[in-house]
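This report concerns only the one structure given below.
The values are calculated or read from the model by the stated rules, or taken from the named source; none is laboratory data. In this text, all values refer to a predicted model and were calculated from it rather than measured experimentally. No Cβ is skipped: glycine too gets one built from the backbone with ideal geometry, and neighbour counts run over all protein chains shown. Calculation scope for accessible area: heavy atoms of the full protein, side chains included, ligands and nucleic acids excluded. Shrake-Rupley method; radii C 1.70, N 1.55, O 1.52, S 1.80 Å.
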Amino acid sequence: MAYPGYGAPGGGFPGMPPQQQDPLYGYFSQVAGQDGQISADELQRCLTQSGMSGSYQPFSLETCKLMINMLDRDMSGTMGFNEFKDLCQALNGWKATFSSFDRDHSGTVEGHELQQAITTMGYSLSPQAMNCIMKRYSNNGRIPFDEFVSCCVRLRALTDQFRRRDMAHSGNASFQYDDFIQVTMSV
């Protein structure tokens, strides 16, 4: 039997918004501070302190900016709690994918491993597109985790933008020049 004032239905807390009941919210609010938003440098510190980068190098500030831009629905240049939660989910997936292809545990993947990882994530890219990705993200033929995440962020953001414009789902999209510049410069 439940007694008045003891517990709440569903394990929640009476009077608290659902997002504040999320275990990530406490961590988010400590990092975000008074404004309730996380900037790129706050995100960099947060991901480093949380161990999200694992045994790999900490995320660069540029990668953190990309992550924010990918999920910045209100175009504030910062990340609110729901955006942060979405990012954590994406990062965990990318980290698991990276780890499964970093077979020698060097903290890097090689070109063929990157191609397999990208295919595993559901992308079907031409050899020419893969060559462009390798040129951009590899260092002596190896891609570290930070660069892998940058690649994943850009692939996801550009694919999302493309899908919004491919109304017929035909693999073709029409962009006005200014729209194209906005899309490509924001990722």
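For region 62-77, the criterion of being assigned to a helix (DSSP H, G or I), in contact with a Phe, Trp or Tyr (Cβ under 9 Å, 6 or more places away or on another chain) and without any contact (Cβ under 8 Å) to a residue 24 or more places away in the chain is met by at least one residue.
Within region 133-187, the set of residues being under 27 Å from GLU110 (Cβ atoms) and acidic (Asp, Glu) comprises ASP146, GLU147. Restricting ALA90, ALA96, ALA168, ALA129 to those that are closer than 30 Å to GLY26 by Cβ, surrounded by fewer than 19 Cβ atoms within 10 Å (Cβ to Cβ) and out of contact with any helix residue (DSSP H, G or I) (no Cβ under 9 Å at 6 or more places or on another chain) reduces the list to ALA96. Regarding region 135-156, can at least one residue be identified that is over 17 Å from HIS112 (Cβ atoms), open to solvent by less than 80 Å² (accessible area, probe 1.4 Å) and not in a helix (DSSP H, G or I)? No - not one qualifying residue is present in region 135-156. Within region 65-113, being on the phi > 0 side of the Ramachandran plot and either in contact with a strand residue (DSSP E or B) (Cβ under 7 Å, 6 or more places away or on another chain) or not aliphatic (A, V, I, L, M) (or both) holds for GLY77, HIS105, GLY107.
When ASP104 is tested against (1) in a loop (DSSP other than H, G, I, E, B); (2) under 21 Å from the mean Cα position of the chain (by Cα); (3) acidic (Asp, Glu), only condition (2) is not met.
Against the numbered list (1) modelled with pLDDT of 90 or more; (2) under 25 Å from ALA40 (Cα atoms); (3) among the aliphatic types (A, V, I, L, M), MET185 comes up short only at (1). Taken over region 111-126, the criterion of being touching a helix residue (DSSP H, G or I) at 6+ places or on another chain (Cβ under 8 Å) and open to solvent by 90 Å² or more (accessible area, probe 1.4 Å) is satisfied by THR120 alone. Out of all the residues in region 67-74, is one or more farther than 12 Å from VAL149 by Cβ, open to solvent by 20 Å² or more (accessible area, probe 1.4 Å) and more than 10 Å from the chain's Cα centre (by Cα)? Yes, the conditions are met somewhere in region 67-74.
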